[in-house]
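Reading through the structure tokens given below for one structure.
The values are calculated or read from the model by the stated rules, or taken from the named source; none is laboratory data. Given the structure is predicted, the values throughout are model-derived calculations rather than measurements. Neighbour counts are summed over all protein chains in view; Cβ atoms, including those assigned to glycine, are modelled from backbone coordinates with ideal geometry. The accessibility values were calculated without ligands, DNA or RNA, using every heavy atom of the protein model including side chains. Shrake-Rupley method; radii C 1.70, N 1.55, O 1.52, S 1.80 Å.
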Amino acid sequence: MYFSFPPWRQRLLEPLGVALEPARKPGRISTSLSGGSGSPVRPSPRPPPPPGGGGLRGRGCCGWLLRSGAMNLPRGPDNLCFDKDEFMKPDFDVDHFVSECRKRVQLEELRDDLELYYKLLKTAMIELINKDYADFVNLSTNLVGMDKALNQLSVPLGQLREEVMSLKSCVSEEIRAIDDRLSKQEDIRKKKMCVLRLIQVIKSVEKIEKILHSQNSKETSLEVSSPLLHIYIGQIQKLQFHAVQSKGMPLLDKLKPRIVGITATLQQSLEGLLLEGLQTSNIDIIRHCLRTYATIDKTRDAEALVGEVLVKPYIDEVIVEQYVQSQPNGLQTMYSKLLEFVPLHCRLLREVTGGGISSERGNTVPGYDFLVNSVWPEIVRGLEIKLPSLFNPGNPDLFHEKYNVSMDFVRKFERQCGSQASVKRLRLHPSYQSFNDKWNLPVYFQIRFREIAGALEAALSDGLEEAPAESSYCLLATHMTWASLLKCWSAQIFLPLLTDRLWKFSLQILARYSVFVNELLLRPVSNETVKDHKKTLASKESPLNSVEDQGNECGPDAQSLPSISITQLVFVAADLDRLQEWLPELLEMIKPKLDMIGFKNIACISGALEDSRNSLLGSWPTLNSKIIQDLNDSCFSCLKSALEIPRLYRRTNKEVPTKALPYVDSALKPFHQLKNDYKDILKPAVIEQWLEGALNTSTQKYLDTVSDILHSVKKMEESLKRLKQARKTVTANNPSPSGGMSDDNKIRLQLALDVEHFGMQMEKMGMQLSNIKSFSTLSELVQAAKDQMGTEQT
């Protein structure tokens, strides 16, 4: 017998210089490691192991021990570079193991650790084999003759198996026979029970008929205190129980007419007793009758009887259409009378059934709800039949008033119910659903929609008409937009069940106004001054005149649209700014309405309103640019008059300038008018933004103009100097008769005075000159020209 290590362990150790030498004989197990200089010693070849493993010869003793888990691996030193448990994993792979170890240590160190642990494994294997040596040696000896013994046992075991199968067959047949007999007995028992129930039905019917016959012969009716009534009720209970259990039997179908007659007779007697108790206010009779109805499972019949006899006459008397239409508060008065019915006529019924405040729980009869099943259906029936005009939405104001009064009546009726369970039953009752469905709310909403949307569209079609004097807005279109939003949520129009539609309508109104503003911004701006526009705003603008004003400046698309003035643009901006600021107030107005319907997701509503606000503000940049552009055009149309200064002073012998020319004040006049005329409707920050934007552009253009003038003056001056040198004249360039300042210097001085005045006027308007980007360059330019003028004079 010899032992060997598995091939994978041999492959693991071979690259590291570790060789395994198989033990030749039991008891003489040895190990051999490669020396420091020699090559690894290979194990001598041996025949392959027999199929099936072959005990210890299968794949080596060590491999068998590791696979079977019969022993724990010996513990090695703590400084090993690998974990010994890695060898026990079923998916152990040599290449993976080596690659992982190489990440931590060098191959030489891995080889040393494997050699060390190999010695420990081999020592442990030798100790294990020496411990159980006798068992290993005698393993094959003990199996000699085992095949012969097994063959001798096979014959008697086969005979025993046949006997057991035969016995099993017999037992199965007996079990089936017993099951058949038990099923027949069960069938007989069921039929017997059916027969007994039918006998009980017949006995109950005969006994009840006998009681009724005896009462008819005495010409007396059943009384509450009569012992026969209790016997009668007991027999009815038995009859109903057995009749239900015998449902579908032919004999029961034959007895059905007699049972129906008995039940009808009993109900007739109970109806008479119940009406007597209600008329005489005898609570004992009422309690006994209701309990009897409950006993025979006819509670709904009792409730129907009360509705027909007690409720219906009162409802027919109170609900009168002529009275409702003739009186100022006829509908509210009618509802008040209907609410009085419960405390006046249903007190005893509620006390007996536990719906009253003073009801004693021990004496109540459960299972009844007369307010839900008797009173409410009759009220709805009376309103639908005798007052059909109540649900007519033709007049929306009247419909709104009727609906609110009716819903208030429903809430008060619900408060009369004895419990929350009763309220739930009321809301689930078909007549309750029918009453709510009668109110044609979609038609009412459509009428209101056309009413509000029509007025809004009329205002938007008028375009730029001014708002009423008492309005916070400037334009009628904006005034009507805000008024429409308020009207949707006003108490005169709002209905809780239309909250979703009114909210959608509110968003549509804001979207329509946003489209209206964007359409206005497509119009060309007229060339009139601010003051002229303000004078002509009151008169309605003619599209033909507006087109003619823009005749030479606008393209074909612009000529098809009426023009819009700067004043109107300012009004649009003021209204747009105020409207988007007031939208949070609209949200605060809507929140209580949402609480009425139990809607809690306010963030969703707020987000949608914020989207509408952003849509309105989306047109703000375009509006700003139009206003700034118009102000810039008005300003620079005057500032470009500076081009006339050379013509004003050249060869005219004018005096030396001492003040700015009027064109500077004219250029800033639109800015002063904007700031003074619209300070009440515009925020100061908005005005400052417009002024700063327009002045930045105008100043840049003014800088270019002044620069061109000074450049042309300099060129003219240089050309004159060259001409003077060519003619060798002594006279100065265009000197005045008194020998004063030259024309070119006058031009420079005038420009310096104009720019200085321009800056002073902007400061008077409250503008920071540091915010006007080109003004510092402009000032430096004219100051340099002024300094040059002083140098030339010296």
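Quantify, in whole percent, the carbon and sulfur part of the accessible surface of the stretch 400-513 (1.4 Å probe; protein heavy atoms only).
Working: 2880 of 5290 Å².
Of all accessible area on the stretch 400-513, carbon and sulfur atoms account for 54 percent.
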Which distance in nm do the two modelled labels at Arg651 and Asp91 give, with both placed 7 Å along the Cα-to-Cβ direction?
10.5
Hey, quick one: spin label on Leu160, modelled 7 Å out along Cα-Cβ, who in the stretch 137-153 has an amide N within reach, i.e. under 20 Å?
146-153
Kirkwood Rh over Cα pairs of the stretch 384-451 into Stokes-Einstein at 4 °C, 1.567 mPa s: D in µm²/s?
98
Roughly to the nearest percent, how much of the accessible area of the stretch 65-137 is carbon and sulfur, given a 1.4 Å probe?
47
State the Cα centre-to-centre distance between the stretch 589-644 and the stretch 297-318 in whole Å.
64
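Under 12 Å from the Cβ of Leu426, count the other residues' Cβ atoms, weight Lys and Arg +1, Asp and Glu -1, and hand me the total. Working shown, then result.
Working: positive: Arg411, Arg415, Lys424, Arg425, Arg427; negative: Asp369, Glu414.
That sum, taken over residues with Cβ under 12 Å, equals +3.
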Could you report the accessible area of Glu173 in Å², rounded to 10, computed with a 1.4 Å probe on the protein chains as they sit in the structure?
100
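So if we plug the beta-carbon distance of Val405 and Lys679 into 1/(1 + (r/R0)^6) with R0 = 30 Å, what FRET efficiency do we get, rounded to 0.05?
Values: r = 50 Å, r/R0 = 1.66.
That pair, Val405 with Lys679, gives E of 0.05.
With a 10 Å radius around each residue's Cβ, average the other Cβ atoms per peptide and rank 275-282, 262-269, highest first. All intermediate terms of the calculation are to be shown ahead of the outcome.
Working: 275-282: 15.1, 262-269: 16.8.
Descending mean neighbour count gives 262-269, 275-282.
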Could you calculate the FRET efficiency of Asp316 with Gln508 from 1/(1 + (r/R0)^6), where r is the beta carbon distance between them and R0 is 60 Å, rounded to 0.05?
0.85
Quick check: pseudo-label points 7 Å beyond the Cα along Cα→Cβ at Gln152 and Lys337, how many nm apart are they?
11.6
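Take the Cα gyration tensor of the stretch 434-488, multiply each eigenvalue by 5, square-root it, and list the three semi-axes largest first, rounded to whole angstrom.
On the way: eigenvalues 193, 26, 6 Å².
For the stretch 434-488, the ellipsoid semi-axes come out as 31, 11, 5 Å.
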Counting only other residues whose beta carbon sits under 15 Å from that of Pro584, what net charge do I get with K and R as +1, D and E as -1?
-3
Can you give me the pair-distance distribution of the stretch 111-202, C-alpha pairs, 5 Å bins, whole percents?
2, 9, 7, 6, 6, 6, 6, 6, 6, 6, 5, 6, 5, 5, 5, 4, 3, 3, 2, 1, 0
In terms of the Cα gyration tensor, with a ≥ b ≥ c the square roots of its eigenvalues, is the stretch 336-436 rounded because a/c is under 1.5, prolate because a/b exceeds b/c, or oblate?
prolate
How much accessible area per residue does the stretch 334-443 have, in Å², with a 1.4 Å probe?
48
The alpha-carbon center of the stretch 103-148 and that of the stretch 681-718 are separated, in whole Å, by 103
Based only on the alpha carbon positions, what is the Kirkwood hydrodynamic radius of the stretch 583-736, in angstrom?
20.9
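Take the Cβ-Cβ distance between Ser461 and Ile385 as r, set R0 to 41 Å, and report the resulting FRET efficiency rounded to the nearest 0.05. Could the numbers behind the result be given before it?
Numbers: r = 47 Å, r/R0 = 1.14.
With a Förster radius of 41 Å, E is 0.30.
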